[in-house]
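Inspection log for the structure reproduced underneath, given as structure tokens.
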Amino acid sequence: MKGELLKGYYYCTAVVVVIIINGVVDGAASLASKKKGGGGSDACSCYFVFGDSQADNGNNNDMLEREYGRARADYKPYGIDFPPSSSSSSFIPTGRFTNGRNVPDFIAQFLGFRDYIPPFRTTKSQTILKGANYASGGAGILLETGRTLGEVSSIKKQLENHNYTISQMHRLFGSSSKLKSYLKECLYTVQIGSNDYLNNYFMPTIYMTSTQYSPQAFATALNEDLSRQLKILYEQGARKVAIFGVGSIGCTPYARANFEHIGLPCVDKINTAIQLFNAGLKSLVEHLNANLPSAKFTFIDVFKISTVDPLNYGKMNLDAPCCEVGAGEMQCTPFGKVCENRRDYMFFDGVHPTENGFELVASSAFNAKQPDEAYPFDINHLVHLS
């Protein structure tokens, strides 16, 4: 059906924040102008990521609540196609919720980084100048979101972690003015919100939000809460921020298996609610740009990007997950079966895209194919703004 929503995007809310920084620290105090210290391009030398499982690259690994922590991907078959390290020819799950690379990995590649941005939990000393990934699978805008999955880091906690990083950077720079100058050239991307729906609003047996809020009121509450968090990010030094909207999660295998959709290809009540939240994000971007000096926020419309003509995908399977998923579950069964033709699947598990699906979103976010996929500009334009 032409215009059918791509059965592809998002479970663990994504609001990824990317920070890209021009220059590197020379020793412990000064910037070396236009250097590629983090392996990035001349436009971006540093990249910080905030979000959920769409961006998590290992922050949820070995969580303290191992017995209960379910928002983890540090087990096979996750990572089956992730490029092996030089010390091992076999694949080792990294904590990414897919078979290979995710959105931040592709964006780092497009920016010219030689390596992937490390998870916050493993960053050390001057590696923080390259950036850090704070994303946590299962995380949401609301503090209670994802609690059924075990220990996760909400966007509030991620910003606290980022504040710690900034304090470490300040010690390296030795000057607030130099650090401020460094941070204002960084790219920040935020990719979060999906879990506030699938792991909160549309989980009425556990959460009361769906009885307390209409879909519009809930979207407004999320937008207002996220606005407060983004202003904190701005106060921490961020100026170039890309906010990812929530994708068509009503079209995921998990949603269609667990919610009534009366013969339709997607669960309309979920997608309709998501669109209310996304519309608020676009308005939020306009408000922040108009009221915060030097702010350059942009909105990436993942819902639009994931609305495609299935005919363009030929024989690609848009309905079923590639890995074995238990009844009513979102994630792959540990050490379960996995399809061999992974490039022919849009979903790796019940809610997360395959590497192909993530690349689709990342490439459109970086260089928008259609004018309304990014507003007011795509990431490639954003990082080059003065």
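Annotations for the structure displayed:
- Working note: Karplus 6.51/-1.76/1.60 with θ = phi - 60° gives the range 124-134 the couplings 9, 6, 6, 5, 5, 5, 7, x, 7, 10, 9 Hz, where Gly and Pro are set to x.
- The label point for THR220 and the one for ASN163, both projected 7 Å from the Cα toward the Cβ, are 2.9 nm apart.
- Dipole of the range 24-384, positive end: most advanced residue of PRO118, PRO104, LEU198 [Cβ charges, Cα centre]: PRO118
- Which of PHE50, PHE259 has the fewest Cβ neighbours within 10 Å, and the rest in rising order: PHE259, PHE50
- Working note: Karplus 6.51/-1.76/1.60 with θ = phi - 60° gives the range 162-179 the couplings 5, 4, 5, 4, 4, 5, 5, 5, 4, 5, 6, 6, x, 8, 5, 5, 5, 5 Hz, where Gly and Pro are set to x.
- Sequence of MET208, MET330, MET169 once ranked by neighbouring C-beta atoms within 10 Å, starting from the fewest: MET208, MET169, MET330
- Neighbour-count ranking [beta-carbon atoms within 10 angstrom, fewest first] of TYR182, TYR164, TYR207: TYR164, TYR207, TYR182
- In a fully extended conformation the segment linking ARG343 and THR205 would gain 46.0 nm over its present Cα-Cα distance, using 0.36 nm per residue.
- Around the amide H of ASN317, modelled in the peptide plane, lie the amide H atoms of TYR345, MET346, all under 5 Å away and 5 or more residues distant in sequence or on another chain.
- Working from label points 7 Å from Cα in the Cα-to-Cβ sense, the LYS269 to SER177 distance is 5.9 nm.
- Listed values for the range 368-383 are Karplus-derived 3J(HN,Hα) couplings in whole Hz (6.51 cos²θ - 1.76 cosθ + 1.60, θ = phi - 60°), namely 4, 7, 10, x, 8, 7, 9, 9, x, 7, 7, 5, 4, 6, 4, 5, and x replaces Gly and Pro.
- Value of relative contact order over the range 24-384, rounded to a whole percent, pairs C-alpha under 8 Å and six or more apart: 18
- Between the range 142-156 and the range 279-309, the alpha-carbon center distance in angstrom: 24
- Here's the picture: charge each Lys and Arg Cβ at +1 and each Asp and Glu Cβ at -1 in the range 24-384, and of ASN367, PHE173, ASN289 the one pushed furthest to the positive end of that dipole is PHE173.
- Distant-in-sequence amide H partners of PHE299 (H built 1.01 Å from N, under 5 Å): ILE243, TYR375, PHE377
- For q = 0.12 Å⁻¹, Debye-computed log10 I/I(0) when each Cα of the range 24-384 counts as one equal scatterer: -0.86
- Over 24 Å between alpha carbons, listed pairs LYS184/LYS369; LYS124/LYS231; LYS296/LYS369: LYS184/LYS369; LYS124/LYS231
FYI, it's all coordinate maths here, none of it is from the lab. Computed from a predicted model, the values in this text were never measured in an experiment. So basically every Cβ, Gly included, is an ideal-geometry build from the backbone, and we count neighbours across all protein chains shown.
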